[in-house]
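What follows is a single structure, written as structure tokens, with notes after it.
The values are calculated or read from the model by the stated rules, or taken from the named source; none is laboratory data. None of the values given here were measured: they were computed from a predicted structure. Because the Cβ atoms are built from the backbone with ideal geometry, glycine has one as well, and the counts that use them run over all protein chains shown.
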Amino acid sequence: MKAEMSVMLNVKDIERSVNFYKSLGFDTRWETKGDDSHLTYAGVGIGDAVIALGRIPKDLSGMAKDYADWVSGTLGGGVMVTVELEGVEEIYDLAKKAQAPIDSPLSERPYGTAFIVNDPDGYVVRFLRPKGVYA
């Protein structure tokens, strides 16, 4: 059985998030604008990995209460997105050049070579070249 998974991150400033991921070597896969001509959704990708980004509306009054409560709190809490790729060193160099907030520097770990950054909304993103049983 073939299975795939994707992730969507709710963000406060979608243009800022798109630019952040582009500084790490991602490209824009798609964009959707709302009635106000601002981005509502965007997809950024590197290789076959794609992260969808959804803009949190400034006015949450018309939203379901559970959604409004969820996106009004701290974003990114407890969420780690892992992007597996061969060129982890190249992305690490881009992260340093972009002055991305590096939470954990590039190092060899039992599961592979990895480093971790925090995106502008507090989501933790690990870039990993897995090895052994993790590959």
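Across segment 71-86, the qualifying residues are those that are part of a loop (DSSP other than H, G, I, E, B) and more than 17 Å from the chain's Cα centre (by Cα), and the one among them that is farthest from V117 (Cα to Cα) is G73. In segment 47-59, the count of residues that are over 23 Å from F127 (Cα atoms) and in contact with a helix residue (DSSP H, G or I) (Cβ under 6 Å, 6 or more places away or on another chain) is one or more. Suppose the filter is crowded, with 18+ Cβ neighbours inside 10 Å, over 19 Å from S6 (Cα atoms) and at pLDDT below 95; does L39 pass it? Taking the combined requirement at face value, the residue satisfies it.
Filtered by the rule that a residue be part of a strand (DSSP E or B) and hydroxyl-bearing (S, T, Y), segment 38-70 gives T40, Y41. Filtered by the rule that a residue be surrounded by fewer than 17 Cβ atoms within 10 Å (Cβ to Cβ), in a loop (DSSP other than H, G, I, E, B) and small (G, A, S), segment 99-135 gives G122, A135.
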